Amino acid sequence: NGNLFAASVVTGVIAEYDLDGNLVRRVVSPPNPLPPSFPTPTGNPQGIAFGADGTLYYADLDLEGTFPFDTHTGDDGKIRRVRFKNGNPQAPEIVQSGLAFPDAVAVFPGDIERKALGGTGKTEWRTYGGGSSRLFVNPKEKKLKPGKVDELRERWRYETGAIVTASPTVASIEVPGEGRIQVVYVASWDNNVYALRFSDGSRLWSFAADIQPGASLPAASSVHVERVGERDVAYVGLGETVYALDAATGDEVWRFVAGTGCTDVLGDPPGLCSVDGERNQVETSPIVADGKLFFGMDVNDVALGKGGFYAVDAADGRLEWFFDLETGSTCVPDAADEIRRFDGYHTEEELGLPAQFLATRAGCDFDRTPTGCANVWSSPAVDFERELVYFGSSNCDTDEDPNTNEPPPPMPPYDEGLTALQFDGTPAWRWRPREIGNTDLAFGATPNLFTIKRGNAKVEVVGIGGKDGAYYVIDRDGVNEDTGLGFEPADPLALPYWFTQLVPGGPAGGVIGTPLVDEKSRRIVIATAPGFDPVQPQQPTVRALDLDTGAVLWDNAGGAVDDASFGPVGGTPKLAIVGSIIGPMLRIYDAKTGQRLLSRQLGDVVLGSAIASGPVVVDGTILVGTGIGTLVGDPGAPSEITARIPSSLFALCVPGSKGCPKEE
């Protein structure tokens, strides 16, 4: 933050000073008075380093055992870290111990650094979109080039019992008996999470989740891998449950249920857990920041329930807070509460909450009418510097009929819009392009965080596309520095720095998958959904926009009739990789010119086959799943038949890259 930090080896204090040498505060401070035994409980700090996310690391000499202080062996030096919550330093945590006199520490660009900076690395892709900025581009990829696209070979495929619509995750993990290896993580609609060896696609482990019959999109969430304490943890949502799994073994660490946890379709009363009952589902891909796991919950626009946005403790899964989009309330449990089931409409008894919980905890006494609103299926993006989390929200049907649960118009303030929440769950600002509308023009795509140029200035912005067929770019602080406009302007469309209307949009149209953003080439590549007719989708289906102005750089109109895509665009600064809704066709475009370089079928063409998974590029290999569908509670319905078709996760590689077969 521009200040100075200094450590006292003997006292165990790390203090912060301004540039004039004035003490600002003690960041690390042992108890006063000191205990009679040496060393101090905070250790003996000498070397200090900061990570890009603001975490402080320090080398603890552990002078106990060092002559002349006593006669111990001195082989338990440590690396400790201090995390900050809402700007306040937390108690030091031990990262590594058993070291002999460690007197310095350095932080190299790794998982935490890449996540904070919104980038990715050559060998890892630990979260949806590659980083907290959700840009879906691998800027360090050197092996996959335009001239190599037509040479791509199948490295391996892993067959699953149902479709794969989640985007794969790749992390370098210490595996017992194997050492550090690259592992691919993905969830399938067969209700399993799979961990596969990147080298050959063989299974390291699988985890079977509970079946929640009311979930229509039960495995849309992508895995997030985070280092927590002394192990890597894989977080993912299936149905209404978020699981934390040991990334090396697949063992369950904890679970949090965004609902009652019912799994019996018969239920008591009958239908309680069916598609005509509890529809809660976590479709968002979670992310960790400030020691919390952030995610949203959706009830698929059904008035039997209500969605919301959550933060749970990343280490143990306890509810930190819940944000209700209809009222703008943030429900915060007491510090002693152990809340592991919660939503915004069930009763205390149904959720297993303590008596009078809703009436006595801060912000928890909000209106809990199940209206089918407050849905969040847009995965969150995180700005670590501002300590803000951004997400889009779905539509909310409104009417004047007192006999329905639907609220009166206009929509509740946080529906069908873009919301920025502070890390403590309180809203910073919100925006939406219209105040009235029941035509399901939801925001389901994930926000992108990037920087644009306005004259000689650089402005940090959040971009988001909606079902209305437009892509909007807004200041991350919710203002417009050009005009001075701020929160809730009279004309909502005056707030964005720019917006571009891509297609007419509609309930099944517009921008549903996350765009690819490359700041180096100043380019955004967006694929749009079909609209009203999947056989004749709204055209063009793929466009590239200028990052700074929104001007169209190229589109795929006028060439072959391409089908549309519900999935994200992935790739590199030179290549844009797009899925499909008709047939399992993977399309690759030259990101600069828009020339289509490849259209390749992955697997067999069967009824309803498609690609809705977000492509990931790591080490010259493209990873992508196949399949599309929706569960509707009718085994004979076409969308449910396609959802249950055995599908695969594919790995396509560039010849000559490590591990790529010499011949297909």
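Do you know which residues across the range 79-89 are surrounded by 14 or more Cβ atoms within 10 Å (Cβ to Cβ) and either assigned to a loop (DSSP other than H, G, I, E, B) or of a type in the set (Gly, Ala, Ser) (or both)? Correct list: Arg83 only. Of the residues making up the range 384-422, those that are within 21 Å of His224 (Cα to Cα) and open to solvent by 10 Å² or more (accessible area, probe 1.4 Å) are Phe384, Glu385, Glu387, Leu388, Gln422. In the set (1) surrounded by fewer than 24 Cβ atoms within 10 Å (Cβ to Cβ); (2) touching a Lys or Arg at 6+ places or on another chain (Cβ under 9 Å); (3) within 30 Å of Glu488 (Cα to Cα), Asp367 fails one condition alone, (2).
For the range 207-265, the candidate set comprises residues that are aromatic (Phe, Trp, Tyr), under 20 Å from the mean Cα position of the chain (by Cα) and more than 21 Å from Glu349 (Cα to Cα); within that set, the residue that is most open to solvent (accessible area, probe 1.4 Å) is Trp254. Here the condition is being over 22 Å from Asp604 (Cβ atoms), surrounded by fewer than 17 Cβ atoms within 10 Å (Cβ to Cβ) and modelled with pLDDT under 95; of Ile173, Ile181, it holds for Ile181 alone. Checked against the criterion of being of a type outside the set (Ser, Thr, Tyr), open to solvent by less than 10 Å² (accessible area, probe 1.4 Å) and within 19 Å of Ser565 (Cβ to Cβ), the range 451-463 has at least one qualifying residue.
In the set (1) touching a residue at least 12 places away in the same chain (Cβ under 8 Å); (2) surrounded by fewer than 17 Cβ atoms within 10 Å (Cβ to Cβ), Gly509 fails one condition alone, (2). Among the residues of this structure, Ser639 does not count as one that is modelled with pLDDT of 95 or more, out of contact with any His (no Cβ under 8 Å at 6 or more places or on another chain) and not in a strand (DSSP E or B).
Remark: pairs (first residue in the range 604-616, over 18 Å from Ile512 (Cβ atoms); second residue hydrophobic (A, V, I, L, M, F, W, C) and surrounded by fewer than 24 Cβ atoms within 10 Å (Cβ to Cβ); Cβ separation under 8 Å; 6+ apart in sequence or on different chains) = Val606/Ile645; Leu607/Ile641; Leu607/Ile645; Ser609/Ile645. Exactly one of these conditions fails for Val542: (1) open to solvent by less than 10 Å² (accessible area, probe 1.4 Å); (2) under 15 Å from Ile464 (Cα atoms); (3) of a type outside the set (S, T, N, Q). Give me its number. (2) is the only condition that Val542 fails.
Considering the conditions (1) modelled with pLDDT of 95 or more; (2) at negative phi; (3) not aliphatic (A, V, I, L, M); (4) not in a strand (DSSP E or B), Tyr243 is excluded by exactly one of them, (4). Could you list all residues from the range 289-323 that are under 20 Å from Ser378 (Cβ atoms), surrounded by fewer than 21 Cβ atoms within 10 Å (Cβ to Cβ) and touching a Ser or Thr at 6+ places or on another chain (Cβ under 8 Å)? Of everything in the range 289-323, just one residue is under 20 Å from Ser378 (Cβ atoms), surrounded by fewer than 21 Cβ atoms within 10 Å (Cβ to Cβ) and touching a Ser or Thr at 6+ places or on another chain (Cβ under 8 Å), namely Asp301.
Within the range 366-376, not a single residue is without any contact (Cβ under 8 Å) to a residue 24 or more places away in the chain and hydrophobic (A, V, I, L, M, F, W, C).
The values are calculated or read from the model by the stated rules, or taken from the named source; none is laboratory data. Model, not experiment: these values are computed from the prediction. We place every Cβ from the backbone using ideal geometry, glycine too, and count neighbours over all the protein chains shown. All accessible areas refer to the heavy atoms of the entire protein, side chains included, with ligands and DNA or RNA removed. Shrake-Rupley method; radii C 1.70, N 1.55, O 1.52, S 1.80 Å.
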